[in-house]
Every structure is written in structure tokens, then in C-alpha cells.
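Data block below; observations after.
The values are calculated or read from the model by the stated rules, or taken from the named source; none is laboratory data. Predicted model, so just to flag it, every value in this text is computed and none were measured. Neighbour counts are summed over all protein chains in view; Cβ atoms, including those assigned to glycine, are modelled from backbone coordinates with ideal geometry.
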Amino acid sequence: MNSVTQSAPTEPASSIDSRANARSLAPVFVLGCGRSGTTLLYHMLLSAGNFAVYRVESNAINLLEPRFGDLSVARNKRRLLQAWYDSRLFTLSGLDKEEIAAKVMSECRNGGDFLRIIMSEMARKQGVERWADTTPEHLLHLHRIKETIPEALVIHIIRDGRDVALSTDKQGYIRRLPWDRKSSKMVAGLYWEWMVNKGRRDGRDLGDDYTEVHFEELVGQPRETLARLGQFIGQNLDYDQILKAGIGSVSAPNTSFAGDSKENFNPTGRWRNAYSTEELAMFEGLVGRTLEENDYELATKDQDARNRPDLQRMRAMYRRYFDAKLYLKAKTPLGQLLVTRDLSWI
């Protein structure tokens with residue numbers, strides 16, 4: 001008896017070319033927990049060319065949309081535009097008020113539309129074909145980004161949480177709860193863990209439009225790492241061209257540590273000389289599992305800290321706190337008050 005093996009239908013070359021071309025023009029979101037290298041990678045993309053240069057975090061999904069509500073309502077769009085005009089977000093865009101207002105009023109229905117409109121207009125004015133965003137907290141809104149900008153590609157950059165916590169703590173971004181008397185580096189580490197885990201969990205839902213990269217790979221093996229990311233975004237990321245253009249932190253380190261310069265800049269492994277033995281044991285007791293899941297080797301081999309009831313309670317408490325704060329900002333009227341406070345620095 002003869003058997004016939006049927007091969008799967010071959011996708012037409014024109015269809016493959018069309019998808020590749022669409023990917024090479026798609027917007028790219030460079031996201032990660034703050035102080036993880038998002039700015040460096042974003043500036044590398046800008047230096048590679050064909051991206052609109054906009055050296056500021058847009059905050060469109062995490063702050064602007066929650067603050068001004070339903071953007072299919074004309075009154076809300078006008079309020080958004082006025083606040084945007086009064087901020088450096090508009091000043092750095094180089095856009096014309098009347099032109100952008102006409103587009104927003106006629107086309108904008110949500111925060112993703114707003115971001116697409118302003119960034120596409122900047123790209124048009126600058127004579128380039130695509131744009132990127134690097135608002136770190138957009139990592140917490142991946143589903144909303146894909147809902148409103150379906151073609152978006154997401155790069156999640158992950159850095160050793162022990163280094164992130166040091167830098168975050170110096171900046172004072174994450175504050176302890178009033179009754180917490182442990183080192184503030186601990187809550188910074190818990191925030192890193194919470195963001196990384198949420199980003200990875202939500203990112204899996206994005207399929208091939210999501211990828212991860214380690215900061216240590218980016219600074220240690222830039223050519224190889226950029227070559228892989230270039231395949232993901234459908235664009236050649238020539239490291240020599242990037243160094244030649246040298247936009248922003250490609251030429252000048254974006255660091256929270258005094259004394260850093262381009263010549264002596266070594267941002268990996270600072271934690272080795274920055275934690276006491278007790279602090280490191282506590283830190284790895286709190287977030288050690290997540291460090292290991294992201295291929296970071298622990299310095300403390302004693303596993304007892306992971307089972308300390310006080311650290312387990314602390315981890316659970318802050319996770320609930322971060323979840324609740326995100327929900328309030330994104331889903332409730334009270335969130336408008338929280339977001340308004342966050343917008344004050346823009």
C-alpha cells in the first residue's frame with residue numbers, strides 16, 4: 001500500500017515580504033524596570049537611524065490616558081492637549097500646535113492613538129519611517145499597548161536586581177511604607193521583582209512581538225546582542241553607526257553614581273561592594289528566586305533567609321501594595337488624583 005505524504009501549504013513569498021516590511025516599520029517599545037538600561041537601549045535605536053528622535057518618556061499610557069479618561073470625548077481630548085502643551089513633552093516634540101490638535105481631535109480615541117499620532121507626526125517631520133517609546137512604566141500596560149497599537153514590538157530589558165535596587169535607591173524613586181524600618185534597598189528590590197515578573201508574565205501573551213534582553217549582555221557583547229535585536233525589529237542595528245551617531249547615553253552614561261564617565265563607566269556588578277553581608281542575605285532572601293529565574297547567580301548560598309516569616313510577609317505585603325496602587329491608577333477615579341501628582345514633574 002502506497003502512502004502519500006502531504007506537505008503543508010507554502011506561504012507565498014509576497015506574503016512573507018509583506019510581513020517583514022510591516023515589522024521593519026512597526027513602533028518599538030523599549031521597556032523595563034527603571035534604572036535597567038532602557039534609556040541606553042532606546043538611544044542605541046535612535047542612533048541606528050530611521051527612528052524619530054524624541055529624548056523623553058511619553059507617559060501616554062501610564063499617566064496621560066488615566067488622567068484624562070475616555071479620549072473619544074472631545075472635552076477630554078482638549079484637556080489632554082492643553083496639559084501636554086504646558087509640558088516639556090510638547091516642547092521637545094517640535095510639533096505645531098494647530099496641526100497636531102487637528103489630528104488628535106479627529107483621530108484620537110485612546111492613549112495609544114495619542115501616542116501614535118504625535119510620534120508618527122514627529123517621524124514625518126524628521127523624514128524617518130518609524131518611532132520608539134521608552135517609558136519604563138509602560139511595561140505594566142502591555143495588554144493596553146497591544147490593544148491600542150496592535151503592531152507594536154516590545155523589548156523588555158532586564159538587569160540584575162541588586163544593581164537596579166542600588167541605583168533606584170539613590171534616586172529615591174521607591175518609598176518604604178511608613179512603618180517599614182528595613183533598608184530602603186529592600187523595597188527597591190521588591191519593586192524590581194514585581195515589575196520584571198509582571199512584564200514577563202504579560203509579555204508571554206504577545207507571542208513573537210515580545211522579546212527579552214539582559215542589560216549585562218547589551219553592555220558586554222553589544223554587537224551580538226544588537227544583531228539579535230535587529231532581527232527582532234526588522235532593522236539592521238549597526239554598532240559602528242550607533243557609536244558614530246552617539247545620541248544621548250550612547251556617548252554620555254546615564255548614571256546615578258558620581259564620578260562615572262565614559263572612560264571608567266562599568267555599570268555591572270556594583271552590588272558586590274555595596275551591600276553588607278546582612279543586607280545581601282536579606283535582599284537575596286526576598287528576591288533570590290526571581291534573580292535565579294533570570295539567570296543571576298546568588299552570592300549567598302544559605303537558603304534559610306528565603307523561609308524567614310518576616311521576609312515572606314514583607315514580600316507579600318509589598319506585592320499587594322504595588323498591585324493595589326496600579327489598579328487604583330488605571331481603573332478608578334481615585335487614580336486621577338494619584339496620576340495628577342505623578343504628572344507634576346513632567
Can you name the residue in the range 213-231 that is over 17 Å from C33 (Cα atoms) and surrounded by 19 or more Cβ atoms within 10 Å (Cβ to Cβ) and is also nearest to the chain's Cα centre (by Cα) among such residues?
-> L229
Mind counting the residues in the range 304-346 that are of a type in the set (D, E) and either modelled with pLDDT under 75 or not in a helix (DSSP H, G or I) (or both)?
-> 1
Six or more apart or on different chains, Cβ under 7 Å: which pairs go from a residue in the range 89-110 that's in contact (Cβ under 8 Å) with a residue 40 or more places away in the chain and surrounded by 18 or more Cβ atoms within 10 Å (Cβ to Cβ) to one that's polar (S, T, N, Q) and assigned to a helix (DSSP H, G or I)? Could you list them?
-> N110/T148
Within the bounds of the range 171-189, is there any residue that is farther than 25 Å from D310 by Cβ and of a type in the set (A, V, I, L, M)?
-> no
Log entry, pairs with first residue in the range 293-318 being in contact (Cβ under 8 Å) with a residue 12 or more places away in the chain, second being outside any helix (DSSP H, G or I) and of a type outside the set (D, E, K, R), beta carbons closer than 7 Å, six or more apart or on different chains, reads N294/I158
Out of contact with any strand residue (DSSP E or B) (no Cβ under 9 Å at 6 or more places or on another chain) and either over 20 Å from R23 (Cα atoms) or buried (at least 18 other Cβ atoms within 10 Å of the Cβ) (or both), is that true of I247?
-> yes
Can you tell me which residue among I155, I149 is crowded, with 23+ Cβ neighbours inside 10 Å and in contact (Cβ under 8 Å) with a residue 24 or more places away in the chain?
-> I155
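Yes/no matrix, rows are residues, columns are (1) in contact with a Gly (Cβ under 9 Å, 6 or more places away or on another chain); (2) surrounded by fewer than 22 Cβ atoms within 10 Å (Cβ to Cβ):
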site	(1), (2)
A20	yes, yes
L31	yes, no
T38	yes, no
H43	yes, no
F51	no, no
N59	no, no
R67	yes, no
If we keep only residues of the range 164-185 that are among the hydroxyl-bearing types (S, T, Y) and in a loop (DSSP other than H, G, I, E, B), then the residue farthest from F215 (Cα to Cα) is S183
Across the range 22-81, what is the total count of residues that are among the hydroxyl-bearing types (S, T, Y) and either within 26 Å of D169 (Cα to Cα) or touching a Phe, Trp or Tyr at 6+ places or on another chain (Cβ under 9 Å) (or both)?
-> 6
For the range 289-303, indicate whether the set of residues that are small (G, A, S) and part of a helix (DSSP H, G or I) is non-empty.
-> no
Could you give me the residue pairs with C-beta distances under 8 Å whose first residue belongs to the range 44-71 and is at pLDDT 95 or above, whose second residue is assigned to a helix (DSSP H, G or I) and among the hydroxyl-bearing types (S, T, Y) wherever it lies, and which are 6+ apart or on separate chains?
-> I61/T148
Just to be sure, is G161 surrounded by fewer than 16 Cβ atoms within 10 Å (Cβ to Cβ), closer than 30 Å to R315 by Cα and small (G, A, S)?
-> no
Do you know which residues across the range 167-212 are buried (at least 21 other Cβ atoms within 10 Å of the Cβ) and in contact with a strand residue (DSSP E or B) (Cβ under 9 Å, 6 or more places away or on another chain)?
-> V196, G199, Y210
Name the one entry in V196, V187 that is in contact (Cβ under 8 Å) with a residue 60 or more places away in the chain and touching a Ser or Thr at 6+ places or on another chain (Cβ under 7 Å).
-> V196
Within the range 293-335, work out how many residues are exposed (fewer than 10 other Cβ atoms within 10 Å of the Cβ) and farther than 27 Å from F68 by Cα.
-> 5
